[in-house]
Amino acid sequence: MDFAAIARLSTEHPKPIGLELQYGTAGFRSKAEQLDHIMYRMGLLAVLRSKQTKSTIGVMVTASHNPEEDNGVKLVDPLGEMLAVAWEEYATCLANAEEQDITAVLQDISQKERISLMQEAFVAIGRDTRPSSETLSQAVIDGVTAFGAQYHDYGLVTTPQLHYIVCCRNTREQYGTSTVKGYYQKLTKAFAELCKQASSYGDTPRGVKVDGANGIGALKLKEIENYLQKECLIELFNDGTKGKLNCACGADFVKVQQKPPQGMEMNPNEKCCSFDGDADRIVYYYIDSAGQFHLLDGDKIATLISTFLKELLIKVGLNLKMAVIQTAYANGSSTRYLEETMKVPVYCTKTGVKHLHHKAQEFDIGVYFEANGHGTVLFSKTAEEKIRQLAKGEVDAEKKKAAKMLENTIDLINQTVGDAISDMLVIEAILAVKSFTVQQWDTVYTDLPNRQLKVKVADRRVIDTTDAERCAVTPPGLQEKIDELVKKHSLSRAFVRPSGTEDVIRVYAEANTQENADALAHEVSLAVF
Ligand code: 16G
Ligand code: ZN
């Protein structure tokens with residue numbers, strides 16, 4: 001192993017003096033100009049992780065919904081999951097090491113994890129459309145080659161496309177063909193099959209307006225359109241030709257501001273959706289004839305998908321355990337509707353995709369969505385086998401049809417991670433099959449008015465939470481105060497948690513009216529001091 005080469009090249013990717021960064025819930029995120037050394041080092045770390053797992057590891061250069069000037073990087077584990085938690089610490093350690101210590105840190109990790117350095121390694125690299133991404137991904141490549149490993153630069157891809165590719169490569173193409181073209185073919189075939197089941201198929205062309213957040217999602221949506229037949233007419237806005245990435249547009253803007261993005265022409269009752277900057281989140285919305293804005297977020301999406309799946313499961317008569325996984329941010333109405341009306345068990349985990357994903361793996365079918373629009377569905381191996389068996393078996397026509405629809409849904413969903421393009425196609429297919437308008441979908445249940453606030457404090461770590469972030473254990477007395485405040489309103493709920501991505505405390509409140517939700521959020525934020 002040529003550690004001298006690693007050390008030599010690392011001087012070309014120097015660490016700014018005193019800069020300390022942490023591999024958080026979304027990998028590393030910072031101003032782009034602070035990230036060159038991080039990229040080089042993550043190239044190195046990806047090689048180590050690849051040697052350890054004897055698999056392809058992914059490196060995605062993106063800062064998702066952050067401003068265009070930011071950038072970031074995330075590692076993708078063998079089956080397309082988020083990097084294992086133990087390795088987040090190694091990532092932080094390597095990122096903050098002084099230059100002369102880099103090789104020692106690498107050797108230390110190798111020893112701890114008993115990694116054979118002679119093992120071959122392969123890294124799959126992808127990037128978003130940020131102006132800084134190309135140079136930064138070159139720094140990742142420098143790290144990979146300094147370590148003497150092989151790589152493939154997939155260039156401009158969405159985050160979920162890279163997750164898909166990594167999974168395909170490591171399952172010997174069982175999950176699909178490990179190219180962007182393979183991804184389009186897999187998804188559009190499943191989508192066409194699913195849409196064929198819609199009784200209205202062919203009568204009214206169904207359309208959706210998409211806000212591409214001026215990012216990679218827009219680019220990739222244009223590509224997938226070439227593979228789509230006429231099942232879905234996509235009208236793309238914020239395609240990156242005029243506006244700036246994530247600037248007054250995109251899923252995060254729409255969800256947080258609770259208003260339409262700029263750059264989109266909306267007519268009353270038209271179905272619209274927004275992607276985020278790396279296309280792993282999606283939210284839907286429309287404006288009604290009175291001009292009022294209606295948001296259909298991750299909770300509404302989880303409800304639509306799980307209801308659809310449950311109805312099909314009843315038809316095929318398979319006794320599979322399905323659950324919906326949410327976070328504390330899930331609107332109380334969605335949880336109530338799922339549990340009480342749909343009789344679907346609901347579980348709550350801490351914020352962050354890895355927590356939801358992990359919990360969802362415990363079920364035959366685990367539907368997980370964060371309210372912000374990141375989510376997918378996981379099918380266990382057994383569930384998948386049973387469904388595929390039924391779909392090709394000698395069963396009655398109705399059963400077979402339902403089994404085929406479940407099979408198409410399995411193929412249409414990106415099980416590796418939340419995926420705006422895949423989720424959009426799943427939603428469009430379900431709406432077509434059920435002959436549902438966006439308004440009908442919206443009225444399945446009514447969201448409780450809610451408010452999110454952020455509070456700047458000296459040290460956000462003074463707040464520690466339990467019970468999936470719904471209860472504050474420190475500082476002493478805070479939870480009691482919150483409980484008192486919540487009691488003053490009806491249908492109310494509130495919690496506080498330290499953000500994992502910003503130096504702030506987040507406050508969430510919901511209540512029977514918007515005024516009460518606003519008041520409660522305000523009162524709780526005062527209690528934090
Ligand atoms: C990250 C998470 C997202 C979560 C958000 C919360 C991943 C890939 N992303 O963006 O799931 O909702 O952080 O941010 O896990 P916060 O801790 O600042 O509220
Ligand atoms: Zn994202």
- In order through the stretch 318-329: 3J(HN,Hα) via Karplus (6.51 cos²θ - 1.76 cosθ + 1.60), integer Hz, x for Gly, Pro: 8, 8, 10, 7, 10, 9, 10, 10, 10, 10, 4, 6
- Item | Relative intensity, log₁₀ I(q)/I(0), of the stretch 288-446 from a Debye sum that treats every alpha carbon as a point, q = 0.15 Å⁻¹ | -0.77
- Message: Quick check for me: using +1 on Lys/Arg Cβ and -1 on Asp/Glu Cβ, what's the dipole size of the stretch 13-167 about its Cα centre, in debye to the nearest 20?
- Response: 380 debye
- Item | Length-normalised contact order of the chain in % [C-alpha pairs under 8 Å, at least 6 apart] | 12 percent
- Task: Could you give the size of the charge dipole of the chain about its Cα centre, using +1 on the Cβ of each K and R and -1 on the Cβ of each D and E, expressed in debye and rounded to the nearest 20?
- Result: 1080 debye
- Query: Which whole-number percent is the relative contact order of the stretch 450-527 (Cα, under 8 Å, 6+ apart)?
  - Reply: 38 percent
- Task: Enumerate the amide H contacts of T465 below 5 Å, restricted to partners 5 or more residues apart or on another chain; note that Pro and chain-start residues carry no placed amide H.
- Result: V473
- Message: Quick check on packing: order 280-289, 448-457 by the mean number of other C-beta atoms within 10 Å, highest mean leading.
- Response: 280-289, 448-457
- By a straight-distance test (C-alpha under 16 Å), which aspartates and glutamates pair with K112 as possible cross-link partners, with residues fewer than eight away in the same chain excluded? E88, E89
- Item | Whether the chain is rounded, prolate or oblate, judged on the alpha carbon gyration tensor where a/c under 1.5 counts as rounded | oblate
- Message: With unit charges on the beta carbons (Lys and Arg positive, Asp and Glu negative) and the dipole taken about the Cα centre of the chain, which residue among I38, A84, I6 sits farthest to the positive side?
- Response: A84
- Note on the structure: Diffusion coefficient in µm²/s returned for the stretch 450-527 by Stokes-Einstein, Kirkwood Rh over C-alpha pairs, 10 °C and 1.306 mPa s, is 129 µm²/s
- Hits among lysines - C-alpha to C-alpha of K189 under 18 Å, sequence gap 8 or more where chains match: K181, K220, K222, K230, K392, K401, K404
- Taking amide H positions as placed in the peptide plane 1.01 Å from N, state which residues far from L233 in sequence (5 or more) or on other chains have amide H under 5 Å from it. R206, G207, V208
- Query: When T158, T501 are ordered from fewest to most other Cβ atoms inside 10 Å of their Cβ, what list results?
  - Reply: T501, T158
- In straight Cα distance, which aspartates and glutamates are under 12 Å from K454, not counting same-chain residues fewer than 8 positions off? E502, D503
- Determine the percent antiparallel among the DSSP beta bridges restricted to the chain, to the nearest 5. 55 percent
- Taking T513, T416 and counting other C-beta atoms within 10 Å, the order from fewest to most: T513, T416
- Task: With a ≥ b ≥ c taken as the square roots of the eigenvalues of the C-alpha gyration tensor of the stretch 321-361, please select rounded if a/c is under 1.5 and otherwise prolate if a/b is larger than b/c or oblate if it is not?
- Result: oblate
- Message: What would the Debye equation give as log₁₀ I(q)/I(0) for the stretch 3-156 at q = 0.10, 0.12, 0.15 Å⁻¹, counting only Cα atoms as equal point scatterers?
- Response: -0.28, -0.42, -0.67
- Taking every eigenvalue of the Cα gyration tensor of the stretch 264-340, multiplying by 5 and rooting it, what semi-axes result, largest first, whole Å? 28, 15, 14
- Message: Report D for the stretch 221-324 in µm² per second (integer): Stokes-Einstein, Kirkwood Rh on Cα pairs, 37 °C, 0.692 mPa s.
- Response: 208 µm²/s
- With a cut-off of at most 13 other beta carbons within 10 Å, and DSSP calling the residue loop, which GluC sites (Glu not before Pro) in the stretch 230-292 qualify? Please list them. E265
- Item | Point-charge dipole on Cβ atoms (K/R +1, D/E -1) for the stretch 450-527, about Cα centre, debye to 20 | 80 debye
- Listed with the fewest Cβ neighbours within 10 Å leading, C249, C93 appear as C93, C249
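Taken together, the values in this text are just the output of simple stated rules run on the coordinates, not laboratory data. All figures in this text were calculated on a predicted structure; none of them were measured in a lab. Ideal geometry is used to build each Cβ from the backbone, glycine not excepted, and the neighbour counts take in all protein chains shown.
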